[in-house]
1. Considering (1) modelled with pLDDT of 95 or more; (2) away from every other protein chain (no Cβ under 14 Å), say which one residue B:180 fails and leave the rest.
2. When the range A:37-49 is examined, which residues are found to be facing chain B (nearest Cβ under 7 Å) and out of contact with any helix residue (DSSP H, G or I) (no Cβ under 6 Å at 6 or more places or on another chain)?
3. Condition first: within 20 Å of residue A:47 (Cα to Cα) and buried (at least 24 other Cβ atoms within 10 Å of the Cβ). Now tell me which residues in the range B:72-101 satisfy that.
4. Determine whether residue B:107 is in a helix (DSSP H, G or I), without any contact (Cβ under 8 Å) to a residue 60 or more places away in the chain and surrounded by fewer than 16 Cβ atoms within 10 Å (Cβ to Cβ).
5. Give me a count of the residues in the range B:113-142 that are touching a helix residue (DSSP H, G or I) at 6+ places or on another chain (Cβ under 6 Å) and either modelled with pLDDT of 80 or more or buried (at least 19 other Cβ atoms within 10 Å of the Cβ) (or both).
6. On the given criteria, is residue A:65 within 9 Å of chain B (Cβ to nearest Cβ), touching a helix residue (DSSP H, G or I) at 6+ places or on another chain (Cβ under 7 Å) and within 23 Å of residue B:154 (Cβ to Cβ)?
7. Hey, among the residues in the range B:148-177 that are modelled with pLDDT of 95 or more and either out of contact with any helix residue (DSSP H, G or I) (no Cβ under 7 Å at 6 or more places or on another chain) or in a loop (DSSP other than H, G, I, E, B) (or both), which one's nearest to the other protein chains (Cβ to nearest Cβ)?
8. Tally the residues that are facing chain A (nearest Cβ under 7 Å) and either touching a residue at least 60 places away in the same chain (Cβ under 8 Å) or crowded, with 17+ Cβ neighbours inside 10 Å (or both), restricting the search to the range B:62-71.
């Protein structure tokens, strides 16, 4: 009978990583870290702005605002990339 | 007593109001105190600075306070996870620290980082191979960690300003943080 084993896949630099004492090994894909940041900003803004009666709509309103900010950032990036490519 | 007014016309003649009942001490004690000015929740703001969302919870806005605590706390902790304790550095990055210090635990992390750095500086000349105890962040982890922690501080500043002028959840309940009236009742 084969013994039951588990294999946890982790990138090699992550195995030696000590949280809070060493920086996270993020060489690529760091741009995706802007998504939780924008989501956090949207949640805090809507938590403060929404009146007590509409507080139930907080998840929808926050997601809507975060999506708007991310879409505008993507649009601005596309526009600037096109401009630098043209001129 | 012969000098007490017997009728309404006697009251008017003696200068008392025709409709108002005679003034009694019991009525005076039941009179509602008027607040002296707009309430500024200073103690709640201090609590909100010490721990994000705590000021809102103290004023009775529990849901709002919990959402702020989880969100701002997650952004701040996320920054520390990305860059480590070295991203909070009052000595080398004082401008960023202005934003970071809006979350009070940043002061504790800065002190801890300073201790780690001092310990390393003391050992570096005496031991051949020094374990630094921590690795300072550079490049993208430093940029993102600093940005996350500073943004958490600025968002908490927004929450502090909000709680400073926010009314308690129920105006008729006693608010120990109002400070604009001895009874703490805010109209």
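The values are calculated or read from the model by the stated rules, or taken from the named source; none is laboratory data. Quick caveat, the model's predicted, so the values are computed rather than measured. Note that each Cβ is placed from the backbone with ideal geometry, even for glycine, and that neighbours are counted across all protein chains shown.
1. (1)
2. Going through the range A:37-49, the residues facing chain B (nearest Cβ under 7 Å) turn out to be A:37, A:40-41, A:43-44, A:47-48.
Of everything in the range A:37-49, those that are facing chain B (nearest Cβ under 7 Å) and out of contact with any helix residue (DSSP H, G or I) (no Cβ under 6 Å at 6 or more places or on another chain) turn out to be A:37, A:41.
3. Scanning the range B:72-101 gives B:72, B:75, B:76.
4. Numbers: in a helix (DSSP H, G or I): yes; without any contact (Cβ under 8 Å) to a residue 60 or more places away in the chain: yes; surrounded by fewer than 16 Cβ atoms within 10 Å (Cβ to Cβ): yes.
Yes: the conditions hold for residue B:107.
5. The total comes to 7.
6. Details: within 9 Å of chain B (Cβ to nearest Cβ): no; touching a helix residue (DSSP H, G or I) at 6+ places or on another chain (Cβ under 7 Å): yes; within 23 Å of residue B:154 (Cβ to Cβ): yes.
Taking the combined requirement at face value, the residue does not satisfy it.
7. Here the answer is B:161.
8. Just the residues of the range B:62-71 that are facing chain A (nearest Cβ under 7 Å), to begin with: B:63-64, B:67-68, B:71.
Subsequent filtering for residues that are either touching a residue at least 60 places away in the same chain (Cβ under 8 Å) or crowded, with 17+ Cβ neighbours inside 10 Å (or both) retains B:64, B:67-68, B:71.
Total satisfying the criteria: 4.
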